[in-house]
Every structure is written in structure tokens, then in C-alpha cells.
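Heads up: the structure comes next, in C-alpha cells.
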Amino acid sequence: MLSLCSVVELLNIPNYWGSQHHRVTGHARSEAGPSPPIIESSRKGATAMDQLVGFGLVAFSLLLFVYYTIWIIILPFIDSDHGIHKFFLPREYSVTIPVVAGLLLVLFVGVFIVIVMWKNRKPAKTD
Amino acid sequence: MTKLVQWLCGLALLGTAWATLALDPLGLHLPLPCQQVLWPFPVYLLVAFGCYSLAAIGYRLATFNDCEAAAKELQEQIREARADLSRRGLKF
């Protein structure tokens with residue numbers, strides 16, 4: 001069975017990164033088959049859901065960065081009887097919360113890898 | 001020198017600079033607010049880098065555009081390949 005790659009090389013189809021023109025072959029297209037299952041959106045870009053999620057991520061990370069910057073860098077220079085201190089947790093949490101979150105992330109990634117590898121294990125063949 | 005060794009050297013340099021200022025082996029006493037800022041500084045850099053990564057991923061997700069010409073060209077090539085393969089006897 002010929003592989004698609006070797007057939008493509010034989011036909012000398014240029015890859016679409018190049019700027020060459022197609023050589024239109026003369027045979028009939030009646031057996032072109034069903035169109036490939038590529039979902040085409042009517043928009044010329046990311047869907048509304050993609051944009052929502054994307055800009056939501058941007059806004060969330062910006063918020064997180066601003067809160068964390070004020071907490072770590074600006075608060076020590078403000079007098080301890082100012083009202084702003086009640087919006088921020090005690091300073092010890094500024095280290096423990098990211099460290100714990102990082103460890104949880106590593107835990108989830110590890111569990112995910114274990115699950116995927118467990119599902120894809122093949123029983124040993126006795127050939 | 002490989003890239004890994006370069007990065008490790010840079011990190012070691014920054015680490016020793018931080019340790020010298022924070023653990024105070026030389027006995028020079030910085031003002032208290034500066035000490036309080038300095039202690040969580042590595043964690044702050046990590047969190048800042050994480051926020052930047054998240055924002056970059058979100059922004060590129062939101063502004064990703066279709067490549068119409070490339071998609072059409074690719075589908076054209078798929079059709080040609082299918083036609084040629086079925087001509088040569090491969091069953092789809």
C-alpha cells in the first residue's frame with residue numbers, strides 16, 4: 001500500500017509554504033470523494049467563544065499581576081495603619097499560596113499523564 | 001557553553017545575589033521595608049512569569065486568524081491526492 005507521502009512526492013505536489021503554482025492534472029474529478037471534514041467558520045478569525053476565553057484569560061492574569069505586585073512590592077512601604085491593608089491577606093500567604101498552587105499544578109499534570117499512559121497500555125503479546 | 005549551562009549560570013548568579021541580600025551574612029542591615037520586599041522576590045518573579053504566559057496564550061487565542069488561502073490550497077491538494085490514490089487502486 002503506497003503511503004500518502006511517497007505518492008505526494010511522486011506527483012511533485014509543492015508544499016503550501018512555497019510559492020509555486022499547481023500543476024493541474026488532466027484526469028476527471030468525479031472521484032474526488034466527500035469533502036474533508038474541516039469545519040469552516042463564517043468569521044475570518046477566532047470565534048466569539050475563543051475571543052471571550054482569550055480576553056478573559058488576559059484580564060484575569062492582569063488582575064492577578066496587579067494584586068500580587070501591590071501585595072509584595074508596594075504594601076511594605078505603606079504605613080500599617082492605612083486602610084488599604086485590610087484588602088490584603090497577611091504576608092506569609094504571599095509565598096505559601098503560589099507554592100501550594102504550583103505543587104497542585106504539578107500534581108494534576110502528573111495524574112493526567114498517569115491516566116493517559118494507563119489507558120494506552122498494550123497487553124504484552126505472546127508471539 | 002550550551003544554553004542550559006548559560007541559563008543555570010544566570011540563575012545561580014541571581015540566586016547568590018538574592019541570598020546575599022536576604023540572608024544577611026555580611027551584617028549590613030537594610031531598612032525593614034526593603035527586607036520585606038526582598039524575601040518573596042523569587043516567588044514574585046515566578047508568579048509574574050506565569051501571569052505573562054497566561055496573558056500571552058489568551059491574547060494569541062483571541063487574535064488567531066484563519067488562513068483562507070492556505071486552507072483552500074490544502075483542500076485542493078487533499079483532493080488531488082485522493083483522486084490519484086483511488087486511480088492507483090487504494091480504496092477509501
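The values are calculated or read from the model by the stated rules, or taken from the named source; none is laboratory data. Worth saying up front: this structure is predicted, and the values here are computed from it rather than measured. FYI the Cβ positions are ideal-geometry reconstructions off the backbone, even for glycines, and counts take in every protein chain you see.
Name the residues in the range B:69-92 that are part of a helix (DSSP H, G or I), within 7 Å of chain A (Cβ to nearest Cβ) and exposed (fewer than 13 other Cβ atoms within 10 Å of the Cβ), would you? Correct list: B:70, B:87.
Filtering the range A:69-127 to residues that are facing another protein chain (nearest Cβ under 10 Å), within 19 Å of residue B:32 (Cα to Cα) and either of a type in the set (Gly, Ala, Ser) or part of a loop (DSSP other than H, G, I, E, B) (or both) leaves A:78, A:91, A:92, A:94. Evaluate the following for residue B:43: is it in a helix (DSSP H, G or I) and modelled with pLDDT under 90? Criteria not met by residue B:43. If you go through the range B:1-53 and pick out every residue that is more than 14 Å from chain A (Cβ to nearest Cβ) and either surrounded by 10 or more Cβ atoms within 10 Å (Cβ to Cβ) or hydrophobic (A, V, I, L, M, F, W, C) (or both), you end up with 22. Does residue A:53 meet the test of being exposed (fewer than 13 other Cβ atoms within 10 Å of the Cβ), aliphatic (A, V, I, L, M) and in a helix (DSSP H, G or I)? In short, no.
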